[in-house]
Structure formats: structure tokens, C-alpha cells
1. Given (1) in a loop (DSSP other than H, G, I, E, B); (2) modelled with pLDDT of 90 or more, where does residue 138 come up short, assuming only one miss?
2. Out of all the residues in the range 96-112, is one or more touching a helix residue (DSSP H, G or I) at 6+ places or on another chain (Cβ under 9 Å), loosely packed, with under 13 Cβ neighbours inside 10 Å, over 16 Å from residue 46 (Cβ atoms) and without any contact (Cβ under 8 Å) to a residue 12 or more places away in the chain?
3. Those residues that are outside any helix (DSSP H, G or I) and surrounded by 15 or more Cβ atoms within 10 Å (Cβ to Cβ), I need them from the range 79-92; list them, please.
4. If residue 69 meets every condition in (1) in contact (Cβ under 8 Å) with a residue 24 or more places away in the chain; (2) assigned to a loop (DSSP other than H, G, I, E, B); (3) over 21 Å from residue 113 (Cβ atoms) apart from one, which number is that one?
5. Of all residues in the range 28-56, count the ones that are over 20 Å from residue 15 (Cβ atoms), in contact (Cβ under 8 Å) with a residue 12 or more places away in the chain, in contact with a helix residue (DSSP H, G or I) (Cβ under 9 Å, 6 or more places away or on another chain) and outside any helix (DSSP H, G or I).
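The values are calculated or read from the model by the stated rules, or taken from the named source; none is laboratory data. Not measured: the values here are computed from a predicted model. Neighbour counts run over all protein chains shown; Cβ positions are idealised from the backbone, glycine included.
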């Protein structure tokens, strides 16, 4: 049917670019950014495959992790420019552009993180990584009681009903 559209056709390109920008912006300050960076990476890879984004080249990272120099892949999506860690293929094929251009900035964008995540999730479809990152197994107090609770409120020995020592109570034991 002609009326039915795929996920990639339902969103306008600039909305996708804005959503990636918002997700990336929030990921930088998020306490658990893995899901957000995963959304960004999957969306950019899909845009590149569809020809809506272009890998321009490599440039030196502003914040290298464990090395003195680290390069990032520069990806252009319309007026927006993003970066991703390079693959081995990218390092071999893409030209190195040197340092980052400080005068190049992404346009101002206003969109909620919830809307941006919804757009990207609909665009890229379900991914296995997101479910693993989104549902971390958290420990509760019931699963792992603290040392304080265990030592003072729960006697170690089942047969000892009196938690006070005999020296505390006096010479006689009151049981």
C-alpha cells in the first residue's frame, strides 16, 4: 500500500538530527549514559547506511581517555556535526583533519529528552543492547542487608535468644 510508511520515512530528517543532538547533550551529564550513547550510535549508523549522514574524516579528540592522542570520526547530518569513536576501517580509510574547528557549532535546539528518545527508538527500532542497559539489576536491602543490620538486629546463632552477654546482665544469666 502506498499510504503505509516505514519508520525511517515517518520522521523528517531534521527531527532525527535534533533528537540525536538532544540525546548526546543529555548523555554528557547523565549518571548512566550508556543507553543514550547507544541510541546515538545506532541512529548515526542507520543514517549513514541510508545516505542521510556523511563521515567527513577524523580529528583529534578534545578529551582522550587513556592515550595522549585519540581520534574521533566526524559525522555531518545537515547542519549538525557529531562524533563517534572510530572503527579500524575508519582509521584506515578516512582522512585525518587535525584538530577540531572551534568556530563550528551545532544549531540551538529545543526538544525534550523524552521526545528525542521516542523519536530515536521509533527510528532505529528495538535493539538488544538497550534492554540490557535499561534494566540493570539493582540490589535491594532485602537482597544484601548492611553489616549494621546483620550484626545487631539478627543474631548469628539461632539457639541464642538473648543478645546481651552475661557480663552485661550481671553474674546470673537471665534466660
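1. (2)
2. Taking the range 96-112 as the starting set, the residues that turn out to be touching a helix residue (DSSP H, G or I) at 6+ places or on another chain (Cβ under 9 Å) are 106-107, 109-112.
Checking which are loosely packed, with under 13 Cβ neighbours inside 10 Å leaves us with 107, 110, 112.
Subset that is over 16 Å from residue 46 (Cβ atoms): 107, 110, 112.
Filter again for without any contact (Cβ under 8 Å) to a residue 12 or more places away in the chain, leaving 110.
Yes, the range 96-112 contains a residue that is touching a helix residue (DSSP H, G or I) at 6+ places or on another chain (Cβ under 9 Å), loosely packed, with under 13 Cβ neighbours inside 10 Å, over 16 Å from residue 46 (Cβ atoms) and without any contact (Cβ under 8 Å) to a residue 12 or more places away in the chain.
3. 80, 81, 82, 83, 84, 86
4. (1)
5. Of the residues in that region, 2 qualify.
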